[in-house]
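Read-outs throughout are calculated quantities, based only on the coordinates presented, and are distinct from any laboratory measurement. Fair warning: this is a prediction, and the values are worked out from it, not measured in the lab. Quick reminder, even Gly has a Cβ in these numbers, built from the backbone with ideal geometry, and neighbours come from all protein chains shown.
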Amino acid sequence: MDFGLNDILGPMPASSIFIGVDLGGTNIRAARFSGDNHNPESKSKRPTQAHQGYTAVMQHIEQTIRDIGPPNLKEVAGVGIAGPGPLDPYLGLVLRAPNLPGWENLPLKKIMEERLGCPVFIGNDANLAALGEWKFGAGRGHNDVLYLTISTGIGGGVITGGRLLLGARGLGAEVGHMLAVPDGPVCSCGQRGHLEAIASGTAIGRTAQVKLKAGADSKIRDLVKGDLNQVTGAIVGQAAQAGDAFAQKLIAEVGTIIGRTVASLLHAYNPSVVIFGGGVSMLGDILLEPVRAAVREYSMSAVYWRDCPIVTAALGDDAGLVGAGALAMEETKNGRMPKDEG
Ligand SMILES: [Zn+2]
């Protein structure tokens with residue numbers, strides 16, 4: 001009997017081209033990957049132009065993919081799209097997207113599969129950033145990872161036992177919407193006192209404005225030429241890095257609150273590494289030292305944190321994009337995303 005190579009290895013995959021897409025409120029970015037390599041072969045970017053409505057945005061997504069894809073997109077093994085939450089990755093639905101007006105229960109997966117002619121998978125952008133950092137960034141080699149992204153909002157993702165935690169409807173790991181301060185400031189979601197309402201870049205800028213308007217002394221006044229309405233989280237971060245005591249104290253207070261929440265998350269998930277991504281995390285130890293101190297203070301036992309480093313992300317702005325590519329690779333290979341039976 002004569003065996004061909006395919007009889008030994010199984011059928012060869014038709015293609016090893018994967019495309020990751022990061023769908024943001026301002027820009028759509030896409031990257032082309034080959035095989036298991038997480039370094040993009042090429043990248044493209046186009047404005048989202050959300051005000052034009054979702055049909056136009058779908059057109060822009062398709063065009064951003066065509067900019068780097070093969071002439072016939074049927075040759076692509078899989079496209080992963082990192083979208084704003086909340087979304088249902090099982091059904092491929094964007095449930096609601098605050099930055100994309102009119103996007104309610106939108107069947108993004110189905111529409112894009114019809115347009116492109118290849119398999120499409122979608123995921124929450126923070127969850128996919130967690131997937132990217134786990135597979136190719138600061139979480140490499142770990143099986144249990146806690147990822148938080150601190151930027152204009154706060155998102156996160158949990159890898160547990162070597163797989164991305166999604167939850168029953170795929171809505172899991174919204175760590176920014178954990179209660180941090182009862183009856184605290186109103187959150188972007190409408191509830192009060194969530195971590196995002198206190199510790200996001202937006203919240204840091206808002207708190208600084210209130211304190212400065214009440215007379216606090218800080219170099220920030222010079223940085224905004226006296227116009228305190230111009231104070232943002234980024235400016236507070238800039239002042240903290242320049243040694244401004246007011247800004248450093250504010251960032252430390254925020255770090256303490258984040259650290260308390262992280263201690264709770266260590267109790268829940270027992271990760272072996274905690275990774276901080278997003279613009280605010282780029283402050284490094286100015287933010288992370290207070291986080292680490294609070295984790296030590298509020299953990300029920302040192303076994304939770306002693307062998308669990310708290311580090312900054314390795315992939316920067318590309319985490320979501322690389323994670324979207326990783327989603328396409330994982331789903332195409334393993335098909336591990338549970339199918340909806342209802
Ligand atoms: Zn919230």
Rg(Cα) / (2.2 N^0.38 Å) computed for segment 55-141, rounded to two decimals: 1.14
Using a 7 Å offset from the Cα along the Cα-to-Cβ direction at both Arg140 and Ala56, what is the distance between the two label points in nm, to one decimal? 4.2 nm
Simple spin-label model, 7 Å along Cα-to-Cβ: Lys45 to Lys333 in nm? 2.9 nm
Convex hull (Cα only) mean projected area of segment 259-319, reported in nm² to one decimal: 4.0 nm²
For segment 201-279, what does the relative contact order come out to in percent, with C-alpha contacts under 8 Å and a separation of six or more? 28 percent
Expected 222 nm ellipticity per residue - DSSP helices of 4 or more, -39500 (n - 2.57), all of the chain, to 500: -11000 deg cm²/dmol
Work out the FRET efficiency for Met178 and Leu95 from their Cβ-Cβ distance, taking R0 = 25 Å, and round it to the nearest 0.05. 0.80
Please list, in order along segment 59-70, the HN-Hα scalar couplings obtained from phi with the Karplus expression 6.51 cos²θ - 1.76 cosθ + 1.60 (θ = phi - 60°), rounded to whole Hz, x for Gly and Pro. 4, 5, 4, 4, 5, 4, 6, 4, 4, 10, x, x
On the first, second and third principal axes, largest extent first, how far apart are the outermost C-alpha atoms of segment 157-226 in Å? 49, 26, 15
Amide H neighbours of Ile28 at under 5 Å, excluding residues fewer than 5 places away on the same chain, with H built from the backbone geometry, are Arg46, Thr48
Computed over segment 103-153, Cα set: Rg, Dmax in Å: 14.6, 38
0 to 90° range, to nearest 10: angle between helix 201-213 axis and the chain longest Cα axis: 20 degrees
For segment 112-231, what's the relative contact order in percent, using C-alpha pairs closer than 8 Å and at least 6 residues apart? 15 percent
Can you pull the one-decimal nm distance between simple spin-label points at Arg192 and Ala245, each 7 Å off the Cα toward Cβ? 3.4 nm
Under 28 Å Cα-Cα from Lys135, which lysines qualify once same-chain neighbours fewer than 8 residues away are excluded? Lys43, Lys45, Lys74, Lys109, Lys110, Lys333, Lys339
Most mobile of Pro40, Pro107, Pro182 per a Gaussian network model of the chain (Cα springs, under 10 Å)? Pro182
For Asn270 and Ala216 in one chain, what is 0.36 nm times their gap in residues minus the Cα-Cα distance, to one decimal in nm? 15.5 nm
Using Cα-Cα distances under 8 Å and only pairs 6 or more residues apart, what relative contact order does the chain have, in percent? 19 percent
Kirkwood Rh over alpha-carbon pairs of segment 129-257, then Stokes-Einstein at 37 °C and 0.692 mPa s: what D in µm² s⁻¹, rounded to an integer? 204 µm²/s
Kindly provide the trypsin sites (Lys or Arg not before Pro) of segment 240-294 that DSSP labels as loop, not H, G, I, E or B, and whose Cβ sees at most 11 other Cβ atoms within 10 Å. none
Rounded to the nearest whole number, the Stokes-Einstein translational diffusion coefficient of segment 202-342 at 37 °C and 0.692 mPa s (Kirkwood radius, C-alpha pairs) in µm²/s is 189 µm²/s
Rg/Rg_globular for the chain, with Rg_globular taken as 2.2 N^0.38 Å and Rg from C-alpha atoms: 1.06
